[in-house]
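This report concerns only the one structure given below.
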Amino acid sequence: MRGHAMRTAVTICAAAALAAPLTAASAAPSTEPGPRPARDPVLVDCQGRPEVRPGSYLVACGDGNSRLDSLHWARWDAGGAVGRGVNVVNDCDPYCAAGTFRSYPVTVRLESPAAGETSRRHYTRITLTYTDGRPAGYPAQVSYPLLG
């Protein structure tokens, strides 16, 4: 019985010793001047992960037949994001499993940031503008709603 009481006391003391620095740190005032700046919105990928300035992005989550590659961002802020890259699209000729992926230069615009389930702001719309050729049947500019 005495051994059990000693182990319990040691366990409680160890837990208290580990918790004390955490409590003190969380209670300490911030040393940052002024209000904390808002974090930039994110682009949510097909797995629901937030990304900032990704180098690639899967547009067609269901079948993978459209993705953005070689993305370079000129702007990424609370008002929107603008970048350039390549839209790699499966031509699905004669059918998607046997199709060929073809690349088309695009300008990418992310718009309409909104609060997400975790309160992190995310872009809710993507617009692709084809700058040199485009997939058959596509208009010069296409827009899609984004995951959040």
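No lab work stands behind these numbers, since they all come straight from the coordinates. Small disclaimer: the values here were computed from a predicted structure and weren't measured. For neighbour counting, all protein chains shown are included, and Cβ atoms are generated from backbone atoms with ideal geometry for every residue, glycine included.
Miscellaneous remarks
- Ranking of 51, 111 by count of other Cβ atoms within 10 Å, fewest first: 51, 111
- According to the calculation over all Cα-Cα pairs in segment 43-145, the P(r) per 10 Å bin from zero is 15, 48, 29, 8, 0 %.
- Backbone N within segment 45-62 under 19 Å of label point (7 Å from residue 73 Cα along the Cβ vector): 45-60
- Other residues lying with their Cβ under 14 Å from the Cβ of residue 86 contribute a combined charge of +2, Lys and Arg counting +1, Asp and Glu -1.
- Rounded to the nearest 0.05, the FRET efficiency derived from the C-beta distance between residue 49 and residue 96 at R0 = 22 Å is 0.30.
- Comparing 142, 79, 55 along the charge dipole axis of segment 49-148, the residue lying farthest to the positive side is 79, per the Cβ-charge model.
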